1. Looking at the stretch 75-96, which of its residues are assigned to a helix (DSSP H, G or I) and either open to solvent by 10 Å² or more (accessible area, probe 1.4 Å) or of a type in the set (D, E, K, R) (or both)?
2. Looking only at the stretch 110-118, decide whether some residue is touching a residue at least 40 places away in the same chain (Cβ under 8 Å), in contact with a helix residue (DSSP H, G or I) (Cβ under 9 Å, 6 or more places away or on another chain), open to solvent by 30 Å² or more (accessible area, probe 1.4 Å) and not acidic (Asp, Glu).
3. Quickly run through the stretch 38-56 and pick out the residues that are outside any helix (DSSP H, G or I) and either surrounded by fewer than 15 Cβ atoms within 10 Å (Cβ to Cβ) or modelled with pLDDT under 95 (or both).
4. When you look at residue 159, is it touching a His at 6+ places or on another chain (Cβ under 9 Å), open to solvent by 40 Å² or more (accessible area, probe 1.4 Å) and either part of a helix (DSSP H, G or I) or modelled with pLDDT of 95 or more (or both), yes or no?
5. Does residue 94 qualify as being farther than 28 Å from residue 188 by Cα, of a type in the set (Asp, Glu) and under 20 Å from the mean Cα position of the chain (by Cα)?
6. Please list, ordered by first then second residue, the pairs with beta carbon atoms under 9 Å, 6 or more apart or interchain, first in the stretch 21-37 and over 15 Å from residue 61 (Cα atoms) and open to solvent by 80 Å² or more (accessible area, probe 1.4 Å), second outside any helix (DSSP H, G or I) and not polar (S, T, N, Q).
7. Kindly indicate whether any position in the stretch 57-64 is part of a loop (DSSP other than H, G, I, E, B) and either open to solvent by 50 Å² or more (accessible area, probe 1.4 Å) or in contact with a Gly (Cβ under 7 Å, 6 or more places away or on another chain) (or both).
Amino acid sequence: MSTQDSAATRPGARERILGTAHDLFYREGIRATGIDRVIAESGVAKLTFYRHFPSKNELVLEFLDYRHARWMAWFEAALLRHGATPRALVPALEEWLSSADFRGCAFINSVSELGASLPEVNEITRRHKADMARAIGGLLPAGPAFPGGHRQRRLLAGDLATAVDGAIIRAQYDGDPKPALRSLKRICKALLASA
């Protein structure tokens with residue numbers, strides 16, 4: 001492979017910064033990760049970093065948008081892999097909760113760290129959770145097959161999304177996803193039976 005081929009496939013400075021920040025912020029926390037570390041690990045000059053991200057707050061907001069796109073793409077693909085029915089929810093989440101790099105929900109963690117001082121984090125999190133609920137709603141039967149119609153379907157999707165958030169938090173503090181997944185399965189079954 002020539003040097004020219006290698007340069008063409010190497011991500012640009014902005015993408016390297018964002019990818020590095022994503023990994024560090026998710027793994028170690030936003031406050032615990034300094035800009036100097038992101039700069040060093042992404043292999044860019046300080047001036048290059050600040051040209052792309054004039055402040056850490058701007059990097060945090062970009063990180064959350066980046067995380068949202070990545071996580072939603074994974075989530076929707078996992079739901080499809082497991083059959084795209086309400087039963088797909090638990091096995092799809094098991095993939096993530098059981099992974100070696102699971103550190104909880106980046107959005108819940110970010111709200112906990114920065115929600116009071118950087119309100120935009122709360123807004124991005126609300127949008128992320130609404131998109132997650134919409135993806136869950138897509139698993140539910142549509143039309144006359146679903147009693148209560150569109151409104152009831154939306155409410156049930158929101159309830160299931162709240163149960164998912166609870167399972168994520170429990171798996172994070174337990175350090176073992178199995179109890180959280182068992183609870184989520186029971187909650188899903190009860191919610192779906194009552195619909």
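The values are calculated or read from the model by the stated rules, or taken from the named source; none is laboratory data. Keep in mind it's a predicted model, so treat the numbers as computed, not measured. Here the Cβ positions follow ideal geometry from the backbone for every residue, glycine too, while neighbour counts run over all protein chains shown. Keep in mind that these areas ignore ligands, DNA and RNA; they rest on the heavy atoms of the full protein, side chains included. Shrake-Rupley method; radii C 1.70, N 1.55, O 1.52, S 1.80 Å.
1. Going residue by residue through the stretch 75-96, those that are assigned to a helix (DSSP H, G or I) are 75-81, 86-96.
Matches in the stretch 75-96: 76, 77, 80, 81, 86, 87, 90, 91, 94, 95, 96.
2. Our first condition is that a residue be touching a residue at least 40 places away in the same chain (Cβ under 8 Å); within the stretch 110-118, this holds for 110, 113-114, 118.
From what is left, the residues that are in contact with a helix residue (DSSP H, G or I) (Cβ under 9 Å, 6 or more places away or on another chain) are 110, 113-114, 118.
Keeping just the survivors that are open to solvent by 30 Å² or more (accessible area, probe 1.4 Å) gives 113.
After this cut, where a residue has to be not acidic (Asp, Glu) as well, the list is none.
No, every residue in the stretch 110-118 fails to be touching a residue at least 40 places away in the same chain (Cβ under 8 Å), in contact with a helix residue (DSSP H, G or I) (Cβ under 9 Å, 6 or more places away or on another chain), open to solvent by 30 Å² or more (accessible area, probe 1.4 Å) and not acidic (Asp, Glu).
3. Of all residues in the stretch 38-56, those outside any helix (DSSP H, G or I) come to 43-45, 53-55.
If the condition is that a residue be outside any helix (DSSP H, G or I) and either surrounded by fewer than 15 Cβ atoms within 10 Å (Cβ to Cβ) or modelled with pLDDT under 95 (or both), then 43, 45, 54, 55 are the ones that fit.
4. On the way: touching a His at 6+ places or on another chain (Cβ under 9 Å): no; open to solvent by 40 Å² or more (accessible area, probe 1.4 Å): yes; either part of a helix (DSSP H, G or I) or modelled with pLDDT of 95 or more (or both): yes.
The answer is no for residue 159.
5. On the way: farther than 28 Å from residue 188 by Cα: no; of a type in the set (Asp, Glu): yes; under 20 Å from the mean Cα position of the chain (by Cα): yes.
No: the conditions fail for residue 94.
6. As it stands, the answer is 27/101; 27/103, since those pairs meet every condition given.
7. As a first pass, look at the stretch 57-64 and keep what is part of a loop (DSSP other than H, G, I, E, B): none.
The answer is no, given that none of the residues of the stretch 57-64 is part of a loop (DSSP other than H, G, I, E, B) and either open to solvent by 50 Å² or more (accessible area, probe 1.4 Å) or in contact with a Gly (Cβ under 7 Å, 6 or more places away or on another chain) (or both).
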